[in-house]
């Protein structure tokens, strides 16, 4: 069960264009709630079998259902539709641009059940509806951080208050990247095993920077410097440099940030005087692109050096290399998360 609901009116508002929806009857019932992403083809129900009838789902009438309804006599049609619409349905959608049976429209108006029509085929409409509702009903939560689109990679910047998240985001904006959300980010898992981040503030082009106050992002950097949402593909936590902590030195010890069973690449970047964090985040985003394309710098470096030394049959150099700190870091077993 989703943690929120959507009304038929909201479905039409936010997805009416993509789903090509038109309200044909039952206008007074547009505030009925849709509580599940699944839809239902009520063929068996129209034939009188209501066992396990998914009445809480959006009901889809395609060519088969409409053909069956039209084949009935007037009295039978009225009886079948009266029983069908006696259940608490969110709405009924007739696909393929088929004419709405007059009895269906009449009873829909009487029961305040919205009767909608789409010109999409049943298969296409069902798929698009499922994807849209799965996105809306996906688990979500708020996190304290900044979300920036860097080279097309959504980077979520976390860390304690005052660590420099907003300052880092501001410098990334100066480099031509886009701000999605400042201070508070809404994370939501959507279809396709993706996690999207979006802004919470109703006004999207302001951000707070300690010492400066409120900054107008559009006024300083232009309208292309802000966005509404992006897929989160990298999570970075900023923390004060700890000399007693061993930080990742090669990139092969991969860590992940878990969000409702979705695993996102995760980095911890220590903050210290002289370190340009925005540079590091840009490099991390570019490195992630490289890994997506099959390039892994640390592994390739290790393999290349070993191959070259093996070809030269230089056992002394090879033995010396295999005892270096970098080699041990590269070849150590990856941590299980």
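The values are calculated or read from the model by the stated rules, or taken from the named source; none is laboratory data. Please read these numbers as outputs of a predicted model, since none were measured by experiment. Note that we place each Cβ from the backbone using ideal geometry, even for glycine, and neighbour counts take in every protein chain shown.
Residue 61 - would you say it is within 30 Å of residue 141 (Cα to Cα), surrounded by 13 or more Cβ atoms within 10 Å (Cβ to Cβ) and at pLDDT 95 or above? When the stated conditions are applied, residue 61 does not pass them. Checking the stretch 153-176 against the condition returns a match, with at least one residue being without any contact (Cβ under 8 Å) to a residue 40 or more places away in the chain, touching a strand residue (DSSP E or B) at 6+ places or on another chain (Cβ under 6 Å) and within 30 Å of residue 276 (Cα to Cα).
Scanning the stretch 247-265 for residues that are in contact with a helix residue (DSSP H, G or I) (Cβ under 7 Å, 6 or more places away or on another chain) and under 19 Å from residue 148 (Cα atoms) turns up at least one hit. Filter the stretch 219-235 down to the residues that are within 15 Å of residue 169 (Cβ to Cβ), within 25 Å of the chain's Cα centre (by Cα) and outside any strand (DSSP E or B) and list them by number. Of everything in the stretch 219-235, those that are within 15 Å of residue 169 (Cβ to Cβ), within 25 Å of the chain's Cα centre (by Cα) and outside any strand (DSSP E or B) turn out to be 225, 227.
In this structure, residue 179 does not qualify as within 15 Å of residue 277 (Cα to Cα), touching a residue at least 40 places away in the same chain (Cβ under 8 Å) and either touching a strand residue (DSSP E or B) at 6+ places or on another chain (Cβ under 8 Å) or surrounded by 12 or more Cβ atoms within 10 Å (Cβ to Cβ) (or both). For the stretch 2-33: of the residues being assigned to a loop (DSSP other than H, G, I, E, B) and touching a residue at least 40 places away in the same chain (Cβ under 8 Å), which is nearest to residue 108 (Cα to Cα)? Going through the qualifying residues, I end up with 26. Quick check on the stretch 67-82. Is at least one of its residues out of contact with any strand residue (DSSP E or B) (no Cβ under 7 Å at 6 or more places or on another chain), surrounded by 13 or more Cβ atoms within 10 Å (Cβ to Cβ) and in contact (Cβ under 8 Å) with a residue 40 or more places away in the chain? No - not one qualifying residue is present in the stretch 67-82.
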